[in-house]
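*Asks:* Could you have a look at this structure, given as structure tokens, before my questions?
The values are calculated or read from the model by the stated rules, or taken from the named source; none is laboratory data. Computed from a prediction, not measured in an experiment: that's the story for all the values here. Because the Cβ atoms are built from the backbone with ideal geometry, glycine has one as well, and the counts that use them run over all protein chains shown.
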Amino acid sequence: MKRLLTTCSVIALLALFSTQIIAATTGTESNKTIRGRLQKTVEPGGWLVVDNTQKFLLINAQRFQNESWFKEGVEVEAVGETRDVMSVYMEGTPFEAQSLKPSTQGGNQIVSGADKRVTRVIVSGDSLVQALPDTAILTISVVTQAKSAIDAQQQNAAQSDAVVRTLRTAAGAGAEVKTSGYSLQPQRIYRENQPPTISGYEARNTVTVTIGDLTKVGPVIDAAAQSGANDIGGVAFTLRKDRPARDEALALATREAMSKAQVIAQALGGRVVRIVEVLEEGTVRPRPMYDAEMLRGAQKSVATPIEIGTLDISGRVQIVAEVEN
């Protein structure tokens, strides 16, 4: 009977102190500092400090459990000694903390993931960058008319040849002169209740001149008119090397989107903690800027004035950010 009572007493003690240490200390290690997050053990009422590689069992956790910050997931820093003792489940290295406090990062207490409220916001940023064009494109035509198709074609060929030779000289070695269109069409007269009749033929030979030196635009127009061109289209200014301007537009749009996210975060009483996604909604390449008037029949005695403006390059970026408050 006495032996039976002793056995029952041991079982009762194990159940009563399942989260406590049930063996005497046999050795200690000098003071050390451990850092990690608080985590409950498999034993009810037990607590661990867990870092990325190791678990420490707080054998005196009850000393700190009344603190308001003492809850699962909180990052803590403990100073104390490891103990060479045995617990029921032996989960982690036994550690007796002399001091235990929340860890800090940048002066702010790290709170548990359960206490963090994260709001996802979607913002967009727009930008507009102005850049000077680096290329001019001129469309120049020679139009001839004659009673017969062959006469219209021959006159046009001779006149166009003179215009092209003049353009190559006036535009310079770096320019591009190429044929962009040719047509030979009958000219018809329409009368009521009668079939249309052909009154003659019109030949049109069109060349496109691409110039990198914008100071030559006016002289090229004048030279074309003087050599026989009689249909000069409007000048288009564009930006061939547009990558730096497009990059600048994207960077400005991204900064604007980030600024919006930060304003929203501050209004919510929090801060931007993570950029979840960035979507480039594209940049609008500079569209050709045309002269307002068609340049026809430039006079020989007056130089054609050309005023070069700026081109607009726009960018747009969408950002998905997480705000912690």
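*Asks:* Do we find that T169 is hydroxyl-bearing (S, T, Y) and more than 43 Å from the chain's Cα centre (by Cα) in this structure?
*Replies:* Yes; evaluated as a whole, the condition is true for this residue.
*Asks:* Scan (1) buried (at least 18 other Cβ atoms within 10 Å of the Cβ); (2) at pLDDT 95 or above; (3) of a type in the set (A, V, I, L, M, F, W, C); (4) not in a strand (DSSP E or B) for the single condition I150 breaks and write down its number.
*Replies:* (1)
*Asks:* If we keep just the residues of the stretch 58-88 that are modelled with pLDDT of 90 or more and in contact with a Pro (Cβ under 8 Å, 6 or more places away or on another chain), which is farthest from I34 (Cα to Cα)?
*Replies:* V76
*Asks:* Here is a further query. Taking the stated definitions as given, is Q145 surrounded by 14 or more Cβ atoms within 10 Å (Cβ to Cβ) and either assigned to a helix (DSSP H, G or I) or of a type in the set (D, E, K, R) (or both)?
*Replies:* The answer is no for Q145.
*Asks:* Here's something else I'd like to know. Quick one: how many residues across the stretch 37-69 are part of a loop (DSSP other than H, G, I, E, B), out of contact with any strand residue (DSSP E or B) (no Cβ under 6 Å at 6 or more places or on another chain) and either closer than 16 Å to S99 by Cα or not aliphatic (A, V, I, L, M) (or both)?
*Replies:* 11
*Asks:* Continuing with the same structure: Considering only the stretch 35-79, state which residues are under 44 Å from the mean Cα position of the chain (by Cα) and polar (S, T, N, Q).
*Replies:* Q39, N52, T53, Q54, S68
*Asks:* Which one is farthest from A225 (Cα to Cα) among residues in the stretch 188-212 that are surrounded by 14 or more Cβ atoms within 10 Å (Cβ to Cβ) and free of Cβ contacts under 8 Å to residues at least 60 places away in the same chain?
*Replies:* Looking at residues that are surrounded by 14 or more Cβ atoms within 10 Å (Cβ to Cβ) and free of Cβ contacts under 8 Å to residues at least 60 places away in the same chain, I get G200.
*Asks:* So, one more: A223 - would you say it is among the small types (G, A, S), touching a residue at least 24 places away in the same chain (Cβ under 8 Å) and either assigned to a helix (DSSP H, G or I) or surrounded by 15 or more Cβ atoms within 10 Å (Cβ to Cβ) (or both)?
*Replies:* When the stated conditions are applied, A223 passes them.
*Asks:* Kindly establish whether A251 is surrounded by 16 or more Cβ atoms within 10 Å (Cβ to Cβ), among the small types (G, A, S), closer than 30 Å to V121 by Cβ and within 33 Å of the chain's Cα centre (by Cα).
*Replies:* No, not satisfied.
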